[in-house]
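One structure is given below, encoded as structure tokens.
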Amino acid sequence: MARLEGGIGDLAKDFVCVRVIQMRGIDTSVFQFDYDLTWCGFFLNADLTVYGRYGSRNAGRDKSDQLMSVDGLKAALTKALALHKNYPANKATLKAKTGKPYAQKLPETMPAIADQFKQDDLPKKCIHCHHVWRGIRRTMMNAKQVLPDTLIYLYPFPDSFGMQMETADGTKVRQVVKDSIADKAGVKAGDEVEAVSGTPIVSLADIQFILQNCADNENLKVEVARGGEKKSLTANLCGDWRKSTDFTWRDSCYDLRIGFQSEALTADERKQAGLKDGGLKIKPMYAQSPAKKAGFQDGDILLSVGGQPIPATEREFLALLRQKFLVGQKLKFALHRGGKKTDLTMDLP
Amino acid sequence: MQRSRLFASTALAALLATFAASRLPAGDTPAEKRDKINDNTEINPSWIYDDLPSAIAKARRENKPIFAVFR
């Protein structure tokens with residue numbers, strides 16, 4: 001413990017610390033967090049009441065930890081400890097820290113991945129955290145269900161309604177975007193968010209968890225500490241705030257794709273393809289890509305799918321695929337390739 | 001980037017059990033690895049390795065909260 005830096009060691013002494021190496025046997029009705037993280041801290045009582053979670057991510061591997069900090073973890077640990085000291089008097093306020101259970105609690109029983117992970121042969125058959133998203137989403141897709149927004153735009157950030165948080169303590173507001181929902185609610189830079197919808201907050205990840213589970217048009221009660229005073233504010237969520245969440249950096253995103261990544265068009269490319277807006281260009285594909293096998297080529301410009309125009313961002317395109325079409329459906333793509341328009345069909349994997 | 005590195009290095013230091021596991025013979029079963037790590041109090045006297053039920057039982061006995069790290 002002496003090697004734990006930055007005061008985390010002293011805080012950790014007040015906890016029972018456990019390192020979990022994979023998700024096999026983990027009850028996802030209790031341990032709900034963003035499964036695309038590289039690292040997650042989870043704080044709970046022995047009766048499985050959740051105190052909070054720590055760990056947020058908004059970018060790929062080279063920037064995967066940019067929202068994490070030693071100070072942030074210390075702040076979260078300190079707040080979780082305070083919640084434990086007040087337990088069980090505060091038990092009712094912690095109820096929303098546990099989400100609704102998924103169709104299957106244990107990852108190894110999720111139909112889409114059960115076969116893949118049926119052998120208990122570590123380390124080859126470790127169920128990684130991101131496999132849980134595959135278990136949940138691919139199971140739904142294989143059952144011919146469209147994915148709801150909450151399973152596409154995963155773990156939204158409060159930035160989506162204009163409230164940007166500090167990395168050193170994810171409960172503190174760094175900046176409020178002018179005229180945003182947060183601004184209209186009266187949130188100010190420097191505010192410390194103590195509770196959202198009556199649920200105490202220990203970290204940015206806790207705010208994300210509330211947003212992950214709330215309705216699109218919810219009136220969020222945001223309780224903040226400001227200059228020694230407590231203020232109760234209301235953020236009236238509305239519009240497409242959830243859809244501003246980028247998810248294309250996620251490891252789990254490969255399951256939404258059909259064998260390629262895509263990028264926005266330049267103005268010249270759009271003009272050459274005869275598009276006023278929208279359209280995407282296929283990035284270089286891997287050898288075994290199902291899209292490559294279906295005839296797509298690197299650099300193809302996607303114009304439409306199933307009669308629907310291709311939107312301007314990959315996240316909108318992936319949402320379109322998984323919310324307008326079903327697995328196994330034959331999709332007709334219109335493409336622009338080498339100065340000519342062409343069509344391709346592909347069964348949605 | 002510096003902040004990211006600091007966090008990563010501290011988090012790794014906090015997870016000494018992981019390092020210990022990587023130094024164990026490849027043939028150890030998960031249970032053997034866990035036992036060896038839990039026995040190795042010189043390296044880490046308190047972290048429980050990959051045994052959530054034990055952590056829950058200990059937390060109940062000692063009336064402490066649980067800090068579970070998923071990595």
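Points worth noting:
- Sequence-separation-based contact order of the stretch A:1-70, relative, with Cα cut under 8 Å and 6+ spacing, percent: 21
- Peptide A:19-29 shows a mean partner chain C-beta count of 5 within 10 Å per residue C-beta.
- Exposed-loop-free span, longest in chain A, where trypsin sites (Lys or Arg not before Pro) count as exposed if DSSP calls them loop and at most 10 other C-beta atoms lie within 10 Å: A:1-117
- For residue A:17, the residues whose amide H sits under 5 Å from its own are B:48, B:67, ignoring neighbours fewer than 5 places away on the same chain, with H placed 1.01 Å from N.
- Pairs spanning more than 30 Å between alpha-carbon atoms, out of A:105/A:184; A:13/A:188; A:105/B:64: A:105/A:184; A:13/A:188.
- Distances between every pair of Cα atoms in chain A, grouped in 10 Å steps from 0 to the bin holding the largest one, split as 5, 22, 29, 24, 14, 5, 1 percent.
- Cα long-axis angle, helix A:314-324 against chain A (0 to 90 degrees, to the nearest 10): 80
- Intensity falloff of the stretch A:258-347 expressed as log10 I(q)/I(0), Debye formula with alpha-carbon point scatterers, at q = 0.11, 0.12, 0.24, 0.26 Å⁻¹: -0.26, -0.31, -1.37, -1.60
- Crossing angle, helix A:204-213 versus chain A [Cα axis fit, 0-90 degrees, rounded to tens]: 60
- Each residue of the stretch A:94-110 was assigned a 3J(HN,Hα) from its phi angle through the Karplus curve 6.51 cos²θ - 1.76 cosθ + 1.60 (θ = phi - 60°); the sequence is 9, 4, 6, 7, 10, x, 5, x, 6, 4, 10, 7, 8, x, 5, 9, 6 Hz, with glycine and proline shown as x.
- Bridge type composition, the protein assembly as shown - antiparallel percent by DSSP, nearest 5: 85
- The protein assembly as shown, accessible surface, carbon-and-sulfur percent (1.4 angstrom probe): 49
- Helical contribution to [θ] at 222 nm, DSSP H n ≥ 4, -39,500 (n - 2.57), averaged over chain A, rounded to 500: -6000 deg cm²/dmol
- Three-way shape call for the stretch A:174-269 based on the alpha-carbon gyration tensor, with the a/c threshold at 1.5: prolate
- Gyration tensor (alpha-carbon) shape descriptor, the stretch A:224-297, a/c threshold 1.5: prolate
- Accessible area (Å², 1.4 Å probe, nearest 10) - residue A:285: 20
- Remark: the Cα gyration tensor places the stretch A:34-130 in the oblate category, a/c being 1.5 or greater and a/b not exceeding b/c.
The values are calculated or read from the model by the stated rules, or taken from the named source; none is laboratory data. All values reported here derive from a predicted model rather than from experimental measurement. All Cβ positions, even for glycine, are placed from backbone atoms using ideal geometry, and neighbour counts span all protein chains on display. Ligands, DNA and RNA are stripped out before the accessible areas are found, and what is left, the full protein with its side chains, is counted by its heavy atoms. Shrake-Rupley method; radii C 1.70, N 1.55, O 1.52, S 1.80 Å.
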